[in-house]
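One structure below.
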Amino acid sequence: MENNELLSFEAKRVDRRIIFQPIVIPDDTPDPETPLAETPSPSPIASEPPSVNPVPKLPTSININTSSMIPTPEPLPIPQPTSNPLKRKHEPSGSRTGPLDKWCNATTAEGAKRDRAKLDKMHLEAMEKRRDEEAAKEAHAKKKKIEGATRRKQEERERKKEAEIISGHRDHEGKIIAIKCTIPMALATPQPGTLNVAEVSRPLRAANEHDRQQRGAPGRPRVKEYKSAILVNWMAPLLWEQIDKHARRNMPGMSPSDIVRDLKKFDPILFAKLAPQTLGGWIDRSGDKPRWSQRTLDRVERGHRPGGASTRVGVLIKYPTATENIIKTLTDLRNCSIPLTLITIRGIMIGQLEFSAPLIFKQPSQDGTLFRCSEDFVKKFLKRSMGWTIRRSTWAGGKIPADSDVILFKAFLRMAYSVKTENVPSKLIVNSDQTQITLAQGCQLTYAPIGSKQVTTVGSEEKRAITLLISLTNDGQLLPFQTIYKGSTPASLPSKTTPGYKECIEAGFLMEPSKTATYWSTQVTMRSFMTNTLAPYYQRTKASLGLPEDQRSVWQIDCWSVHRSDEFMDWMGENHEDIIVDFVPA
């Protein structure tokens, strides 16, 4: 193209499309020096008559002149630094006028620290919330599992109960039907094979069963049926009379075979199961003439109470005097309505045996073991020798929180953090706890004769006790005890002439009155323990380990009101700031 020519486009509609065709028009742009009145005539395109469907003209035209189409860019000014750009210039916050002031606020070091602490707190709260939700979810799942197992067990019992109703073991209301049996009570003239000789030879057994059915046994009715006896009691009066009569006829030899043969000829039904070997064991042939043994005569004397031969002999049989003293002491205490627990009775028995028969604890038995007067032995002694039993009551057990695992895990983390950050050695970690020591326990339980209708006790609502503060280090060292007695003066404490009092004081034991109406620990007694026992132990241990005096220690105690009180914690912070108090979850 030549100069002073313009390139433009003309739009035409073809059917539903618009086509742009390029056209070249001369450049009639007036000279800038030419007046505005001398405007050239319009181009032929503008003078064309409008068509039926007018197409809008593009007002934009492109000058294809090289000088006009390619503008010459102007170079940008390069700023020259007036100072070192790497050096930071500190200006007061009020002088900043940059664009960042719109989005940022000035702050101080304390404000930034508070913001970081706030963010850390929010993060910890979010983590704890998530752990609590997970713990609650686990507890809910465990509860659902238990409920499902309980429901399945109940359904199983219902099915079993319905089956027993169908089988006749229960009535239509679901109650167990007591089984009553017909028991032969007297001898008759039976046909061979119809008489149970063993049952007839034990009439006392049948009579006891008959009485039980008549009076109605307490508790759940019997489920198993009554079974007849199997072994014959040959020492029953009706049978032994015939055995002894035929034995005298066979004197002086007392041949078992001849005696049994004569008995079976006399009554083949009653003596059908008697064997010569059985009868031969009843004869004593150690003398000049055979005779019935003493053991057999003793069994004949018992008659319908055959019993059995026990091969076990009590360990107290060698000490009849000590046994009588134990029985007399326990009986006298019971007659005075003194409550007797298993621990109390065991202590009385050990004391009596230590005084009357001290060798019983030193002489080994055949298997090499020593007698310890265990609780099982005390129970058997009370039942066999005195006919006593215990009446127990049911107490509701404490419930464990659903998030106990989370609570314990947090306590573990607190302890681990203190030990790690302060570099606490094992000997400087001490756990202390108060416990109640009962001197005379008043309770509703006592041993009494079996079948007693009225069981009275004195002092059921009273108890004599003290508080014992025990401290144990993490490496297994036991610190001196502190005992708290009810009272206001030293007269409430043990006498200085009490056996072992001097040794306890020399060992560092603390015996102090509570100076209140109870025997519990107080602010005064806790401060005394810290000043006289725990703090000196920490100081001695630090010196032995070569640690500085400001080395931190850990003292773990429970969440009792005195321990957590502001008064005691403020006192600890003022006087023992190097001791970290760690509370056991409760």
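Since every read-out is calculated from the coordinates, none of them should be taken as a lab result. This is a predicted model, so every value here is computed, not measured. As a convention, Cβ positions derive from the backbone with ideal geometry for all residues, glycine included, and neighbour counts pool all protein chains shown.
Quick notes on this one:
- Order of 466, 165 under a 10 Å beta carbon neighbour criterion, fewest first: 165, 466
- Extension gain from residue 229 to residue 502, taking 0.36 nm per residue of separation minus the Cα-Cα distance: 91.5 nm
- For residue 419, the shell of other residues with beta-carbons less than 14 Å away shows a net charge of +1, using +1 for Lys and Arg and -1 for Asp and Glu.
- If R0 is 22 Å, the Cβ-Cβ spacing of residue 575 and residue 408 corresponds to a FRET efficiency of close to 0.10.
- Listed by Cβ neighbour count within 10 Å, with the fewest neighbours leading, 419, 584 appear as 584, 419.
- Computed FRET value (nearest 0.05) for residue 278 with residue 298, which takes r as the C-beta separation and R₀ as 22 Å: 0.80
- The simple spin-label model puts a point 7 Å past each Cα toward its Cβ; for residue 106 and residue 527 those points are separated by 5.1 nm.
- Each principal axis of the Cα cloud of segment 315-390 was evaluated for its coordinate range; sorted largest first, these ranges are 39, 22, 18 Å.
- Over all other residues within a Cβ to Cβ distance under 11 Å of residue 550, the charged ones net out to -2, with Lys and Arg as +1 and Asp and Glu as -1.
- Each residue, residue 377 and residue 286, gets one label point 7 Å from its Cα in the Cβ direction; the gap between the two is 3.1 nm.
- With the simple model of a label 7 Å out from the Cα in the direction of the Cβ, residue 509 to residue 156 spans 5.4 nm.
- Near residue 490: Cβ cut-off under 12 Å, other residues only, Lys/Arg at +1 and Asp/Glu at -1. The net charge is +1.
- Principal axis dimensions, largest first and in whole angstrom, of segment 416-583 by Cα: 68, 37, 31
- Within segment 484-581, GluC sites (Glu not before Pro) in DSSP loop having at most 16 other beta-carbon neighbours inside 10 Å: 549, 577
- Chain lengthening between residue 317 and residue 337 when straightened (0.36 nm per residue, less Cα-Cα): 4.3 nm
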